[in-house]
Amino acid sequence: MSLYTHFASKEALLELMVGEIVRHLCQDDGHPTWQAALEGLCRRIYAALHDHPHWAPLLSRSMHQSDVPIRERVLALMVADGMAAEQAFRLMSSAVLSTTGLVIAEHMLRATDGSSAVATRYETLRRWSEGATTSPVTSTVSDPASASPTADTRRPSTRTSNCRSSPDSGSRTRPPERTTS
């Protein structure tokens, strides 16, 4: 029995497959903030494409416009939070494409033992950051609990601002002023 008795053409079959993959990747977990929703979306995409790397080439195909409810909800949350619609779309697109690219890179860049060369490189950079005495921001990433770009931190997201929490007091403080020499 031929698949083409059920589908008009190979293109029709591939289009249906892409639609199903997008529906799987773009399920809405109902996160209340755009930051948490975008992080959840990227984590879902990462996990699914990591487990099914053969899906990535299908996603590179052009497809008909389709409704993706999570996209619209996240964009609406971003705009409601004061972001311009174009900026919100670019940010969301960048996050999704970066996540997809990371998975592709991890699958393409394997060491001879099969381990991820990307993860190995990230770990090397993290170790280098431990000795960064002239780079205060870089030296803060040497905490192994937050080191991996794919680690599941599951921290609750908060609205972004120009302030940061002081680890000692829990109060909000301004970031240190940059000085130029």
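The values are calculated or read from the model by the stated rules, or taken from the named source; none is laboratory data. Just so we're clear, the structure is a prediction, and the values are computed from it rather than from any experiment. All Cβ positions, even for glycine, are placed from backbone atoms using ideal geometry, and neighbour counts span all protein chains on display.
Observations
- Selection of the stretch 76-96 for residues being exposed (fewer than 11 other Cβ atoms within 10 Å of the Cβ), in a helix (DSSP H, G or I) and either over 15 Å from the mean Cα position of the chain (by Cα) or aliphatic (A, V, I, L, M) (or both) yields 80, 86.
- Qualifying residue in the stretch 2-21 (condition: closer than 30 Å to residue 80 by Cβ and either touching a His at 6+ places or on another chain (Cβ under 6 Å) or without any contact (Cβ under 8 Å) to a residue 40 or more places away in the chain (or both)): yes
- Flag for residue 40 being closer than 27 Å to residue 14 by Cβ, free of Cβ contacts under 8 Å to residues at least 12 places away in the same chain and under 15 Å from the mean Cα position of the chain (by Cα): no
- Search result, residues across the stretch 23-47 that are of a type in the set (A, V, I, L, M) and buried (at least 18 other Cβ atoms within 10 Å of the Cβ): 25, 36, 37, 38, 41, 45
- Unmet requirement for residue 86, which otherwise passes all of (1) charged (D, E, K, R); (2) closer than 29 Å to residue 122 by Cα; (3) free of Cβ contacts under 8 Å to residues at least 24 places away in the same chain: (2)
- Of the residues screened, residue 67 is not one that is among the charged types (D, E, K, R), at pLDDT 85 or above and assigned to a loop (DSSP other than H, G, I, E, B).
- Scope the stretch 104-147; condition of a type in the set (Asp, Glu), at pLDDT below 80 and part of a helix (DSSP H, G or I); matching residues: 130
- Where residue 44 falls short, out of the listed (1) outside any helix (DSSP H, G or I); (2) at pLDDT 90 or above: (1)
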